[in-house]
1. So which residues in segment A:48-84 are of a type in the set (A, V, I, L, M), surrounded by fewer than 17 Cβ atoms within 10 Å (Cβ to Cβ) and at pLDDT 95 or above, if there are any at all?
2. Please go through segment B:168-181 and give me each residue that is part of a helix (DSSP H, G or I) and facing chain A (nearest Cβ under 7 Å), ordered by number.
3. Picking from B:Leu26, B:Leu11, which residue would you name as being within 12 Å of another protein chain (Cβ to nearest Cβ), modelled with pLDDT of 95 or more and surrounded by fewer than 21 Cβ atoms within 10 Å (Cβ to Cβ)?
4. Any idea which of A:Ala140, A:Ala161 is without any contact (Cβ under 8 Å) to a residue 12 or more places away in the chain, within 14 Å of chain B (Cβ to nearest Cβ) and buried (at least 21 other Cβ atoms within 10 Å of the Cβ)?
5. Being open to solvent by less than 20 Å² (accessible area, probe 1.4 Å), closer than 24 Å to A:Thr166 by Cβ and assigned to a helix (DSSP H, G or I), is that true of even one residue in segment B:111-119?
6. Check whether at least one residue in segment A:149-160 is of a type outside the set (A, V, I, L, M), outside any loop (DSSP other than H, G, I, E, B) and at pLDDT below 95, and report yes or no.
7. Return only the number of the condition from (1) open to solvent by less than 40 Å² (accessible area, probe 1.4 Å); (2) at pLDDT below 95 that B:Ile45 does not satisfy.
2 protein chains.
Amino acid sequence: MGHDLECTISLLARTPAALDALLRDLPETWTFRNEGENTWSAFDIVGHLIHGERTDWIPRARMILQFGDTQTFEPFDRWGHVRECQGKSLGQLLDEFAHWRSENLGELRALNLRPEDLDRRGRHPALGIVSLSELLAAWAAHDLTHLHQVSRVMAHQYREAVGPWTRFLGVMQCAGRSSPK
Amino acid sequence: MGHDLECTISLLARTPAALDALLRDLPETWTFRNEGENTWSAFDIVGHLIHGERTDWIPRARMILQFGDTQTFEPFDRWGHVRECQGKSLGQLLDEFAHWRSENLGELRALNLRPEDLDRRGRHPALGIVSLSELLAAWAAHDLTHLHQVSRVMAHQYREAVGPWTRFLGVMQCAGRSSPK
(Lines give C-alpha, C1' and ligand atoms only; values in the text may rest on other atoms or scores of the structure.)
Protein backbone atom coordinates (compact mmCIF):
# COMPACT_ATOMS: atom_id res chain seq x y z
CA MET A 1 0.00 0.00 0.00
CA GLY A 2 1.03 3.59 -0.51
CA HIS A 3 1.26 6.37 2.02
CA ASP A 4 -1.85 7.67 3.74
CA LEU A 5 -1.29 10.83 5.77
CA GLU A 6 -4.20 10.17 8.11
CA CYS A 7 -2.85 6.69 8.89
CA THR A 8 0.56 8.19 9.57
CA ILE A 9 -0.86 10.77 11.96
CA SER A 10 -3.02 8.17 13.76
CA LEU A 11 0.03 6.09 14.50
CA LEU A 12 2.32 8.99 15.41
CA ALA A 13 -0.32 10.20 17.87
CA ARG A 14 -0.39 6.87 19.72
CA THR A 15 3.28 5.97 20.16
CA PRO A 16 3.98 8.15 23.23
CA ALA A 17 1.03 6.66 25.14
CA ALA A 18 1.97 3.12 24.09
CA LEU A 19 5.56 3.55 25.34
CA ASP A 20 4.29 5.21 28.48
CA ALA A 21 1.92 2.33 29.24
CA LEU A 22 4.72 -0.16 28.64
CA LEU A 23 7.66 1.53 30.36
CA ARG A 24 6.64 3.97 33.08
CA ASP A 25 7.64 2.74 36.54
CA LEU A 26 8.85 -0.61 35.24
CA PRO A 27 11.79 -2.06 37.20
CA GLU A 28 15.11 -0.80 35.85
CA THR A 29 16.04 -4.35 34.83
CA TRP A 30 13.72 -3.81 31.88
CA THR A 31 14.40 -0.18 31.09
CA PHE A 32 18.09 0.52 31.79
CA ARG A 33 19.77 -2.58 30.39
CA ASN A 34 20.89 -2.88 26.80
CA GLU A 35 22.09 -5.65 24.48
CA GLY A 36 25.81 -5.09 25.12
CA GLU A 37 28.45 -2.52 24.26
CA ASN A 38 27.30 0.32 22.00
CA THR A 39 23.67 -0.76 22.11
CA TRP A 40 20.71 1.05 23.55
CA SER A 41 18.41 0.50 26.52
CA ALA A 42 14.70 1.36 26.43
CA PHE A 43 15.68 4.57 28.26
CA ASP A 44 18.15 5.50 25.48
CA ILE A 45 15.54 4.74 22.83
CA VAL A 46 13.03 7.16 24.34
CA GLY A 47 15.83 9.78 24.37
CA HIS A 48 16.51 9.05 20.70
CA LEU A 49 12.83 9.50 19.85
CA ILE A 50 12.86 12.90 21.57
CA HIS A 51 15.98 13.88 19.66
CA GLY A 52 14.21 12.95 16.42
CA GLU A 53 11.23 15.13 17.36
CA ARG A 54 13.49 18.06 18.01
CA THR A 55 15.90 17.81 15.11
CA ASP A 56 14.73 15.38 12.45
CA TRP A 57 11.21 14.92 11.11
CA ILE A 58 9.43 18.26 11.31
CA PRO A 59 12.58 20.35 10.72
CA ARG A 60 13.19 18.30 7.55
CA ALA A 61 9.56 18.63 6.44
CA ARG A 62 9.88 22.39 6.86
CA MET A 63 13.08 22.37 4.84
CA ILE A 64 11.42 20.50 1.98
CA LEU A 65 8.54 22.95 1.91
CA GLN A 66 10.85 25.97 2.03
CA PHE A 67 13.84 24.95 -0.04
CA GLY A 68 12.90 21.76 -1.93
CA ASP A 69 15.98 19.80 -2.90
CA THR A 70 18.26 22.83 -3.09
CA GLN A 71 19.36 22.36 0.53
CA THR A 72 20.56 19.13 2.12
CA PHE A 73 19.05 18.09 5.47
CA GLU A 74 21.29 18.40 8.51
CA PRO A 75 22.72 14.93 9.23
CA PHE A 76 20.92 13.36 12.18
CA ASP A 77 23.07 12.79 15.26
CA ARG A 78 22.51 9.16 16.15
CA TRP A 79 24.10 9.73 19.56
CA GLY A 80 22.14 12.93 20.20
CA HIS A 81 20.03 11.12 22.78
CA VAL A 82 22.99 11.13 25.17
CA ARG A 83 22.45 14.86 25.73
CA GLU A 84 18.66 14.50 25.73
CA CYS A 85 18.85 11.89 28.48
CA GLN A 86 21.43 13.48 30.76
CA GLY A 87 20.23 13.85 34.34
CA LYS A 88 16.67 12.83 33.53
CA SER A 89 14.45 10.03 34.74
CA LEU A 90 12.60 7.76 32.33
CA GLY A 91 9.34 9.37 33.48
CA GLN A 92 10.67 12.78 32.46
CA LEU A 93 11.73 11.47 29.07
CA LEU A 94 8.31 9.92 28.48
CA ASP A 95 6.68 13.25 29.36
CA GLU A 96 9.03 15.12 27.02
CA PHE A 97 8.44 12.72 24.17
CA ALA A 98 4.65 13.12 24.54
CA HIS A 99 5.02 16.90 24.66
CA TRP A 100 7.24 17.18 21.57
CA ARG A 101 5.17 14.72 19.58
CA SER A 102 1.99 16.60 20.35
CA GLU A 103 3.61 19.92 19.36
CA ASN A 104 4.94 18.43 16.14
CA LEU A 105 1.62 16.86 15.17
CA GLY A 106 -0.01 20.24 15.78
CA GLU A 107 2.51 21.78 13.41
CA LEU A 108 2.01 19.01 10.83
CA ARG A 109 -1.76 19.47 10.87
CA ALA A 110 -1.38 23.25 10.60
CA LEU A 111 0.60 22.78 7.37
CA ASN A 112 -2.65 21.55 5.75
CA LEU A 113 -0.68 19.49 3.28
CA ARG A 114 -2.34 18.89 -0.09
CA PRO A 115 -1.59 15.74 -2.14
CA GLU A 116 0.74 17.74 -4.39
CA ASP A 117 2.75 18.92 -1.37
CA LEU A 118 3.46 15.29 -0.48
CA ASP A 119 5.24 14.88 -3.82
CA ARG A 120 7.67 17.68 -3.07
CA ARG A 121 11.31 16.68 -2.95
CA GLY A 122 14.10 17.20 -0.48
CA ARG A 123 17.71 16.11 -0.29
CA HIS A 124 18.86 13.63 2.36
CA PRO A 125 22.59 13.62 3.15
CA ALA A 126 22.88 9.84 2.61
CA LEU A 127 19.75 8.83 0.67
CA GLY A 128 19.73 11.63 -1.90
CA ILE A 129 16.39 12.80 -3.27
CA VAL A 130 13.40 11.85 -1.09
CA SER A 131 9.78 13.00 -1.10
CA LEU A 132 7.87 14.65 1.73
CA SER A 133 5.52 11.68 1.59
CA GLU A 134 8.43 9.26 2.17
CA LEU A 135 9.75 11.42 5.02
CA LEU A 136 6.39 11.37 6.83
CA ALA A 137 5.88 7.64 6.25
CA ALA A 138 9.41 7.04 7.58
CA TRP A 139 8.57 9.07 10.70
CA ALA A 140 5.77 6.60 11.52
CA ALA A 141 7.81 3.53 10.55
CA HIS A 142 10.67 4.88 12.68
CA ASP A 143 8.34 4.74 15.72
CA LEU A 144 7.65 1.11 14.85
CA THR A 145 11.32 0.26 14.39
CA HIS A 146 12.00 1.53 17.89
CA LEU A 147 9.00 -0.21 19.42
CA HIS A 148 10.37 -3.33 17.76
CA GLN A 149 13.81 -2.56 19.23
CA VAL A 150 12.43 -1.85 22.73
CA SER A 151 10.69 -5.25 22.70
CA ARG A 152 13.88 -6.97 21.56
CA VAL A 153 16.14 -5.20 24.08
CA MET A 154 13.75 -6.07 26.90
CA ALA A 155 13.36 -9.69 25.79
CA HIS A 156 17.16 -9.98 25.69
CA GLN A 157 17.20 -9.52 29.47
CA TYR A 158 15.25 -12.78 29.81
CA ARG A 159 17.27 -14.81 27.30
CA GLU A 160 18.61 -17.10 30.04
CA ALA A 161 15.52 -17.01 32.21
CA VAL A 162 13.21 -18.55 29.60
CA GLY A 163 15.43 -21.64 29.29
CA PRO A 164 14.43 -23.87 26.37
CA TRP A 165 11.63 -21.48 25.30
CA THR A 166 14.25 -19.31 23.56
CA ARG A 167 13.89 -21.23 20.35
CA PHE A 168 10.16 -20.65 20.14
CA LEU A 169 10.41 -16.89 20.67
CA GLY A 170 11.04 -15.00 17.44
CA VAL A 171 12.21 -11.92 19.32
CA MET A 172 15.20 -13.90 20.61
CA GLN A 173 16.28 -14.64 17.02
CA CYS A 174 15.87 -11.10 15.70
CA ALA A 175 18.94 -9.54 14.14
CA GLY A 176 17.03 -6.61 12.62
CA ARG A 177 19.11 -3.77 14.03
CA SER A 178 18.52 -0.27 12.69
CA SER A 179 21.44 1.33 10.89
CA PRO A 180 22.67 4.86 11.53
CA LYS A 181 20.69 7.29 9.43
CA MET B 1 20.32 -12.10 34.42
CA GLY B 2 18.11 -14.73 35.96
CA HIS B 3 14.40 -14.69 36.49
CA ASP B 4 12.79 -12.21 38.87
CA LEU B 5 9.13 -12.87 39.56
CA GLU B 6 8.35 -9.24 40.43
CA CYS B 7 9.89 -8.09 37.13
CA THR B 8 7.83 -10.66 35.28
CA ILE B 9 4.62 -9.53 36.94
CA SER B 10 5.40 -5.83 36.33
CA LEU B 11 5.74 -6.46 32.63
CA LEU B 12 2.75 -8.81 32.34
CA ALA B 13 0.62 -6.18 34.05
CA ARG B 14 1.50 -3.51 31.47
CA THR B 15 1.17 -5.29 28.12
CA PRO B 16 -2.63 -4.99 27.76
CA ALA B 17 -2.53 -1.21 28.32
CA ALA B 18 0.44 -0.81 25.96
CA LEU B 19 -1.34 -2.68 23.16
CA ASP B 20 -4.53 -0.77 23.91
CA ALA B 21 -2.76 2.59 23.65
CA LEU B 22 -1.13 1.54 20.39
CA LEU B 23 -4.00 -0.21 18.61
CA ARG B 24 -7.44 0.92 19.78
CA ASP B 25 -9.30 2.84 17.05
CA LEU B 26 -6.31 2.81 14.70
CA PRO B 27 -7.26 2.67 11.00
CA GLU B 28 -7.68 -0.93 9.82
CA THR B 29 -4.73 -0.49 7.46
CA TRP B 30 -2.58 -0.91 10.54
CA THR B 31 -4.53 -3.50 12.45
CA PHE B 32 -6.13 -5.88 9.93
CA ARG B 33 -3.33 -6.38 7.43
CA ASN B 34 -0.71 -9.09 7.76
CA GLU B 35 2.60 -9.96 6.12
CA GLY B 36 1.14 -12.33 3.51
CA GLU B 37 -0.39 -15.78 3.40
CA ASN B 38 -0.46 -17.66 6.73
CA THR B 39 0.80 -14.66 8.69
CA TRP B 40 -0.95 -12.67 11.37
CA SER B 41 -2.34 -9.16 11.63
CA ALA B 42 -2.23 -7.13 14.86
CA PHE B 43 -5.86 -8.21 15.33
CA ASP B 44 -4.89 -11.91 15.10
CA ILE B 45 -2.02 -11.36 17.53
CA VAL B 46 -4.31 -9.94 20.21
CA GLY B 47 -6.56 -12.99 19.68
CA HIS B 48 -3.52 -15.25 20.13
CA LEU B 49 -2.58 -13.49 23.38
CA ILE B 50 -6.11 -14.09 24.69
CA HIS B 51 -5.91 -17.74 23.71
CA GLY B 52 -2.63 -18.00 25.64
CA GLU B 53 -4.26 -16.46 28.71
CA ARG B 54 -7.09 -18.98 28.56
CA THR B 55 -5.22 -22.15 27.73
CA ASP B 56 -1.47 -21.79 28.15
CA TRP B 57 0.40 -20.00 30.91
CA ILE B 58 -1.67 -20.25 34.07
CA PRO B 59 -3.17 -23.65 33.23
CA ARG B 60 0.40 -24.95 32.76
CA ALA B 61 1.59 -23.33 36.00
CA ARG B 62 -1.28 -25.04 37.80
CA MET B 63 -0.35 -28.35 36.21
CA ILE B 64 3.28 -28.05 37.39
CA LEU B 65 2.17 -27.31 40.94
CA GLN B 66 -0.33 -30.18 40.97
CA PHE B 67 1.36 -32.90 38.96
CA GLY B 68 5.01 -31.89 38.49
CA ASP B 69 6.50 -33.62 35.46
CA THR B 70 4.23 -36.65 35.66
CA GLN B 71 1.73 -35.05 33.25
CA THR B 72 2.54 -33.44 29.91
CA PHE B 73 1.06 -29.99 29.17
CA GLU B 74 -1.75 -29.86 26.61
CA PRO B 75 -0.21 -28.81 23.30
CA PHE B 76 -0.99 -25.15 22.58
CA ASP B 77 -3.21 -24.55 19.55
CA ARG B 78 -1.33 -21.98 17.50
CA TRP B 79 -4.44 -21.30 15.44
CA GLY B 80 -6.72 -21.11 18.49
CA HIS B 81 -7.02 -17.35 18.02
CA VAL B 82 -9.25 -17.94 15.00
CA ARG B 83 -12.05 -18.99 17.34
CA GLU B 84 -11.18 -16.29 19.90
CA CYS B 85 -11.47 -13.58 17.22
CA GLN B 86 -14.61 -14.72 15.45
CA GLY B 87 -17.26 -12.00 15.19
CA LYS B 88 -15.36 -9.63 17.49
CA SER B 89 -13.99 -6.15 17.03
CA LEU B 90 -10.43 -5.26 17.93
CA GLY B 91 -11.80 -3.16 20.81
CA GLN B 92 -13.57 -6.23 22.21
CA LEU B 93 -10.39 -8.29 21.92
CA LEU B 94 -8.35 -5.63 23.73
CA ASP B 95 -10.94 -5.59 26.52
CA GLU B 96 -10.89 -9.39 26.75
CA PHE B 97 -7.11 -9.53 26.84
CA ALA B 98 -7.02 -6.98 29.68
CA HIS B 99 -9.68 -8.90 31.55
CA TRP B 100 -8.00 -12.32 31.25
CA ARG B 101 -4.56 -10.93 32.06
CA SER B 102 -5.85 -9.26 35.18
CA GLU B 103 -7.63 -12.45 36.30
CA ASN B 104 -4.51 -14.52 35.66
CA LEU B 105 -2.21 -12.14 37.51
CA GLY B 106 -4.64 -12.27 40.43
CA GLU B 107 -4.36 -16.04 40.38
CA LEU B 108 -0.56 -15.92 40.08
CA ARG B 109 -0.27 -13.58 43.06
CA ALA B 110 -2.65 -15.75 45.08
CA LEU B 111 -0.32 -18.73 44.57
CA ASN B 112 2.22 -16.94 46.80
CA LEU B 113 5.05 -18.73 45.09
CA ARG B 114 8.18 -19.31 47.18
CA PRO B 115 11.62 -19.55 45.56
CA GLU B 116 11.55 -23.34 45.87
CA ASP B 117 8.22 -23.47 43.99
CA LEU B 118 9.88 -21.75 41.03
CA ASP B 119 12.27 -24.69 40.72
CA ARG B 120 9.43 -27.17 40.32
CA ARG B 121 9.41 -29.08 37.07
CA GLY B 122 6.79 -29.75 34.42
CA ARG B 123 6.78 -31.53 31.09
CA HIS B 124 6.32 -29.62 27.85
CA PRO B 125 5.10 -31.66 24.84
CA ALA B 126 7.98 -30.41 22.64
CA LEU B 127 10.59 -28.97 25.03
CA GLY B 128 10.60 -31.76 27.61
CA ILE B 129 11.37 -30.85 31.22
CA VAL B 130 10.92 -27.15 32.03
CA SER B 131 10.78 -25.28 35.34
CA LEU B 132 7.95 -23.11 36.65
CA SER B 133 10.45 -20.25 36.67
CA GLU B 134 11.14 -20.73 32.94
CA LEU B 135 7.42 -20.95 32.19
CA LEU B 136 6.70 -17.64 33.93
CA ALA B 137 9.69 -15.90 32.33
CA ALA B 138 8.54 -17.21 28.94
CA TRP B 139 5.05 -15.78 29.58
CA ALA B 140 6.58 -12.28 29.86
CA ALA B 141 9.00 -12.79 26.96
CA HIS B 142 6.06 -14.06 24.89
CA ASP B 143 4.35 -10.68 25.37
CA LEU B 144 7.52 -9.05 24.08
CA THR B 145 7.81 -11.38 21.10
CA HIS B 146 4.31 -10.40 20.06
CA LEU B 147 4.86 -6.68 20.65
CA HIS B 148 7.92 -7.13 18.45
CA GLN B 149 5.76 -8.92 15.88
CA VAL B 150 2.98 -6.29 15.98
CA SER B 151 5.56 -3.57 15.28
CA ARG B 152 7.00 -5.56 12.38
CA VAL B 153 3.62 -6.42 10.84
CA MET B 154 2.55 -2.79 11.04
CA ALA B 155 5.85 -1.49 9.62
CA HIS B 156 5.47 -3.95 6.73
CA GLN B 157 2.41 -1.99 5.58
CA TYR B 158 4.68 1.02 4.95
CA ARG B 159 7.49 -0.86 3.23
CA GLU B 160 6.82 0.90 -0.07
CA ALA B 161 5.72 4.19 1.42
CA VAL B 162 9.02 4.91 3.17
CA GLY B 163 10.95 4.68 -0.14
CA PRO B 164 14.72 4.68 0.37
CA TRP B 165 14.38 4.83 4.19
CA THR B 166 13.72 1.06 4.18
CA ARG B 167 17.40 0.32 4.50
CA PHE B 168 17.79 2.44 7.64
CA LEU B 169 14.85 0.83 9.43
CA GLY B 170 15.83 -2.36 11.29
CA VAL B 171 12.21 -3.48 11.53
CA MET B 172 12.08 -3.80 7.73
CA GLN B 173 14.98 -6.27 7.85
CA CYS B 174 13.66 -8.41 10.69
CA ALA B 175 13.22 -12.09 9.96
CA GLY B 176 12.68 -13.06 13.60
CA ARG B 177 9.42 -14.95 13.26
CA SER B 178 8.17 -16.95 16.21
CA SER B 179 7.90 -20.71 15.69
CA PRO B 180 4.89 -22.79 16.65
CA LYS B 181 5.15 -23.79 20.27
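The values are calculated or read from the model by the stated rules, or taken from the named source; none is laboratory data. Owing to the predicted nature of the structure, the values given are computational and were not obtained by experimental measurement. Here the Cβ positions follow ideal geometry from the backbone for every residue, glycine too, while neighbour counts run over all protein chains shown. Note: areas computed on protein heavy atoms with side chains; ligands, DNA, RNA excluded. Shrake-Rupley method; radii C 1.70, N 1.55, O 1.52, S 1.80 Å.
1. The one that is of a type in the set (A, V, I, L, M), surrounded by fewer than 17 Cβ atoms within 10 Å (Cβ to Cβ) and at pLDDT 95 or above: A:Leu65.
2. B:Phe168, B:Gly170, B:Val171, B:Gln173
3. After ruling out the rest, the residue left standing is B:Leu26.
4. Every option except A:Ala161 fails the conditions.
5. Yes; the residues of segment B:111-119 include at least one that is open to solvent by less than 20 Å² (accessible area, probe 1.4 Å), closer than 24 Å to A:Thr166 by Cβ and assigned to a helix (DSSP H, G or I).
6. Let us first name the residues in segment A:149-160 that are of a type outside the set (A, V, I, L, M), namely A:149, A:151-152, A:156-160.
Narrowing the set further to residues that are outside any loop (DSSP other than H, G, I, E, B) leaves A:149, A:151-152, A:156.
From what is left, the residues that are at pLDDT below 95 are none.
So far as segment A:149-160 goes, no, none of its residues is of a type outside the set (A, V, I, L, M), outside any loop (DSSP other than H, G, I, E, B) and at pLDDT below 95.
7. For B:Ile45, the failing item is (2).
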